[in-house]
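Remarks on the structure that follows.
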Amino acid sequence: MKAIVLRFAPFVFVLLWSTGYIGAKFGLPFIEPFTFLAIRLSIAMVLLAVLATVLQQRWLQGLEWQHASVAGLLLHAGYLGGVFTGIKLGVPAGLSAIIVNLQPVLTSSVAAFLLREKVSSRQWLGLGLGFVGVALAILEKSSNLLGQTIAFGGVVAAFVALFSSTAGTIYQKKFAQGIPLLTGTAVQYAASSLVFVMAAFAFEQRRIVWNATLLWTMLWFILVISLGAILLLLWLIRHNSATQVSSLFYLVPPFTAIEAYVLFGEQLGVLAILGLFLTMIGVALVVTERKL
């Protein structure tokens, strides 16, 4: 049973995670990003705490509080904050995606050194194909970057997101393996939501236009992504190598492109389709056990 779950769980995660970019397009016109993230993670934290209490899952002890908080700040506050800040400062979504999706290669390099994970030649080939696929998939939308002036601070923020997500994956794998998922994730959200609350009061007006679209978007982010997808991600990190898990992020931009085509009519060109196939081949090479 566990083998079946391990086989299909990565693709379920990618499908759920990719909807986050679509959901942002629906919700962010009615709420500022830090305010949105603060509300989202705060509510998710409360729901997880209640669920953990009902299921009688133990709470963290000793250094587990510290490890969960650090992992949360890296995986949620640093990553989400960096992406949203970069886009707010004028970095095009295409360029932001290219920067952030360097994560699998960076994670694999660090994991090979710090976690003593062996990365085979087959996996390095897969990582390379995945990156090329991602670049092709978003090249059509980022081809108009030539001649544009991009805020340096926005690019820095995108790299902060890259390094935070990489460090968070490594830290979670190395120090938070034995921490209970529900209570551990609740602590991660508590630390991250505190950061976003402070950011919202420091940089935003905190204006919210409540309507059905925003409510449905908020519910989707809280229940499907902040609960379902994140818990699945942490479970995958626990049962797979950091290299294998990080390679899944290569699939997110192509899946998002398909969803945007279905929901918003955004066209998929030849490069995007080619990139999707290359990415799927690359991820398959990374997650399989065989070596060249």
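The values are calculated or read from the model by the stated rules, or taken from the named source; none is laboratory data. Here the structure is a predicted model, which is why all the values come from computation and not from measurement. All Cβ positions, glycine included, derive from the backbone under ideal geometry; neighbour counts span all protein chains shown.
Would you check which residues across segment 28-51 are surrounded by fewer than 20 Cβ atoms within 10 Å (Cβ to Cβ) and of a type in the set (Gly, Ala, Ser) and list them?
Ser42, Ala49
Which one is surrounded by the fewest Cβ atoms within 10 Å (Cβ to Cβ) among residues in segment 16-27 that are over 15 Å from Ile258 (Cα atoms) and small (Gly, Ala, Ser)?
As a first pass, look at segment 16-27 and keep what is over 15 Å from Ile258 (Cα atoms): 24, 26-27.
From what's left, small (Gly, Ala, Ser): 24, 27.
Details: Ala24: 18, Gly27: 21.
Among those residues, the one meeting the criterion is Ala24.
Considering only segment 180-227, state which residues are in contact (Cβ under 8 Å) with a residue 60 or more places away in the chain, surrounded by fewer than 16 Cβ atoms within 10 Å (Cβ to Cβ) and not aliphatic (A, V, I, L, M).
Phe203, Gln205, Arg206, Arg207, Trp210, Asn211, Thr213, Trp216
Mind checking which helices (runs of 4 or more DSSP H) fall wholly inside segment 66-146 and carry at least 2 residues that are modelled with pLDDT under 70?
On the way: elements: 79-88, 93-100, 103-114, 121-142.
Output list reads 93-100, 103-114, 121-142.
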